[in-house]
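Heads up: the structure comes next, in structure tokens.
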Amino acid sequence: MELRALGRTGLSISPVVFGGNVFGWTADETTSFDLLDRFFDAGFNTIDTADAYNRWVPGHVGGESETIIGNWMKSRGFARDKAVIVTKVGSDMGQGKKDLSAKWILEEVENSLRRLQTDHIDLYLAHWPDPSVTHEETLGAFAKLKEQGKVRAIGCSNYDAKMLRDSFEVSAKNGLPRYDVLQPPYNLYDRSEFEGELAELCVREEIGVINYYGLASGFLTGKYRDKGDTEGKVRGAKALSYLNDKGLRILAALDEVAVETNVEPAAIALAWARQRPGITAPIASATSTRQLEAIIAAGNLTLSDDQMALLNQAGA
């Protein structure tokens, strides 16, 4: 398993990124620590989180995932340069709206640094577009953070091609740092938001791409085969929406490649994404050792041209 260059950032990341959205939600601190230990012991180095993870859990206020990651690094006496930490700003943390104002970014980064118990964030992302704030204001705030050494590289999540292209123009016109990483939703089933104009822009501009929803809310693990499998599950309603002709066609293709490679469907789905044009690394979360083993397998798996073609056709 080799680390991969993340666009022009100077960062080297693992071929699969551990999604920290589950930390403090469906994985308690003890479980999270164990999974992180295993992930890094396998040679991987990149964790994705956000300030708002996991504010949606009753009784939570946001920041729980960052706090667990910070506690883990401190408890392990972890050498900070051995990990690439990705976190985000801009979600509603009580303001009642998405917020990419300079005031909020400069305030909230301090909270993330405190929770993570670190002096810098490797990759800081604008989590959601905020149409009430100009690119110039947001990028100006990120510029200050880079100058202060609190952030090494910046990126954006959930931007479409026009938003990303407009931000580049603002960066060039005003001498501001530009986004060099994009985090879009993308998986074998949900391809339309990234493929086409946005993917072509990222390739042309050498933008690193770390895609989320790599397993389509767990559907691409193969554990949801009929309506009964989704009942009572945290992500069951979303998984149910994939149970159609296209979804079943994808599962059949994953099963076929699973037999050929002797790995789990989840590993195949992530390896497929990793080999797609423009993608640097997919994000996937795990709450058990078995799920983590599939993530690790994906980082070490190379699919053949025939296998990629089969999967491409199934998910077309």
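Have a look at V84, V89, V109, V133 and point out the one that is surrounded by fewer than 22 Cβ atoms within 10 Å (Cβ to Cβ) and β-branched (V, I, T). Can you show your working first?
Details: V84 fails: surrounded by fewer than 22 Cβ atoms within 10 Å (Cβ to Cβ); V89 fails: surrounded by fewer than 22 Cβ atoms within 10 Å (Cβ to Cβ); V109 fails: surrounded by fewer than 22 Cβ atoms within 10 Å (Cβ to Cβ).
Step by step, each of V84, V89, V109, V133 is checked, and only V133 is surrounded by fewer than 22 Cβ atoms within 10 Å (Cβ to Cβ) and β-branched (V, I, T).
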Problem set entry | Subset of the stretch 142-161 that is among the polar types (S, T, N, Q) and buried (at least 17 other Cβ atoms within 10 Å of the Cβ) - its residue that is nearest to Y179 (Cα to Cα) | S157
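Rundown of residues vs (1) touching a helix residue (DSSP H, G or I) at 6+ places or on another chain (Cβ under 7 Å); (2) under 30 Å from R8 (Cβ atoms); (3) of a type outside the set (D, E, K, R), yes/no style:
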residue: G222; (1), (2), (3): yes, no, yes
residue: D226; (1), (2), (3): no, no, no
residue: A309; (1), (2), (3): no, no, yes
residue: Q313; (1), (2), (3): no, no, yes
residue: A316; (1), (2), (3): no, no, yes
Exercise. Where residues in the stretch 218-242 are touching a residue at least 24 places away in the same chain (Cβ under 8 Å) and in contact with a Phe, Trp or Tyr (Cβ under 9 Å, 6 or more places away or on another chain), which of them is surrounded by the fewest Cβ atoms within 10 Å (Cβ to Cβ)?
Worked result: V234
Seminar exercise, completed: Scanning the stretch 16-57 for residues that are within 15 Å of the chain's Cα centre (by Cα) and part of a helix (DSSP H, G or I) gives G20, N21, V22
Problem set entry | Residue satisfying all of: in the stretch 245-282; charged (D, E, K, R) and in a helix (DSSP H, G or I); surrounded by the fewest Cβ atoms within 10 Å (Cβ to Cβ) among these | D245
For this session: Report, by residue number, each residue of the stretch 202-244 that is among the β-branched types (V, I, T), assigned to a loop (DSSP other than H, G, I, E, B) and touching a strand residue (DSSP E or B) at 6+ places or on another chain (Cβ under 8 Å).
Result: I207
Exercise. Somewhere in the stretch 180-195, is a residue over 17 Å from the mean Cα position of the chain (by Cα) and part of a helix (DSSP H, G or I)?
Worked result: no
Seminar exercise, completed: Restricting the stretch 29-74 to residues that are more than 19 Å from S217 (Cα to Cα) and of a type in the set (D, E), the one surrounded by the fewest Cβ atoms within 10 Å (Cβ to Cβ) turns out to be D41
For this session: Evaluate the stretch 231-240: report whether one residue or more is of a type in the set (D, E, K, R) and more than 19 Å from Q291 (Cβ to Cβ).
Result: yes
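Listed here are the residues, each with its yes/no results for (1) buried (at least 19 other Cβ atoms within 10 Å of the Cβ); (2) in contact with a helix residue (DSSP H, G or I) (Cβ under 9 Å, 6 or more places away or on another chain); (3) within 30 Å of M308 (Cβ to Cβ).
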site: L139; (1), (2), (3): yes, yes, no
site: M163; (1), (2), (3): no, yes, yes
site: L188; (1), (2), (3): yes, yes, yes
site: I207; (1), (2), (3): yes, yes, yes
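Could you list, in sequence order, the residues of the stretch 169-179 that are touching a Leu at 6+ places or on another chain (Cβ under 9 Å) and either assigned to a helix (DSSP H, G or I) or under 30 Å from L248 (Cα atoms) (or both)?
Of everything in the stretch 169-179, those that are touching a Leu at 6+ places or on another chain (Cβ under 9 Å) and either assigned to a helix (DSSP H, G or I) or under 30 Å from L248 (Cα atoms) (or both) turn out to be V170, S171, N174.
Would you point out which residue out of T87, T30, T9 is out of contact with any Phe, Trp or Tyr (no Cβ under 9 Å at 6 or more places or on another chain), free of Cβ contacts under 8 Å to residues at least 40 places away in the same chain and among the polar types (S, T, N, Q)? Please lay out each step first, then the result.
Numbers: T87 fails: out of contact with any Phe, Trp or Tyr (no Cβ under 9 Å at 6 or more places or on another chain); T9 fails: free of Cβ contacts under 8 Å to residues at least 40 places away in the same chain.
From the options T87, T30, T9, the qualifying one is T30.
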Exercise. What are the residue pairs meeting all of these: first residue in the stretch 59-71, first residue farther than 13 Å from T31 by Cβ, second residue at pLDDT below 95 and among the basic types (K, R), Cβ atoms under 6 Å, and 6 or more apart or on different chains?
Worked result: G62/R55
Problem set entry | Matching entry among A316, A286 (being surrounded by fewer than 20 Cβ atoms within 10 Å (Cβ to Cβ) and either at pLDDT 95 or above or not in a helix (DSSP H, G or I) (or both)) | A316
Exercise. Quick one: how many residues across the stretch 138-164 are of a type in the set (K, R) and under 18 Å from I210 (Cα atoms)?
Worked result: 1
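The values are calculated or read from the model by the stated rules, or taken from the named source; none is laboratory data. Here the structure is a predicted model, which means the values were calculated and not measured. Positions of Cβ are backbone-derived with ideal geometry, glycine not excepted, and every protein chain shown enters the neighbour counts.
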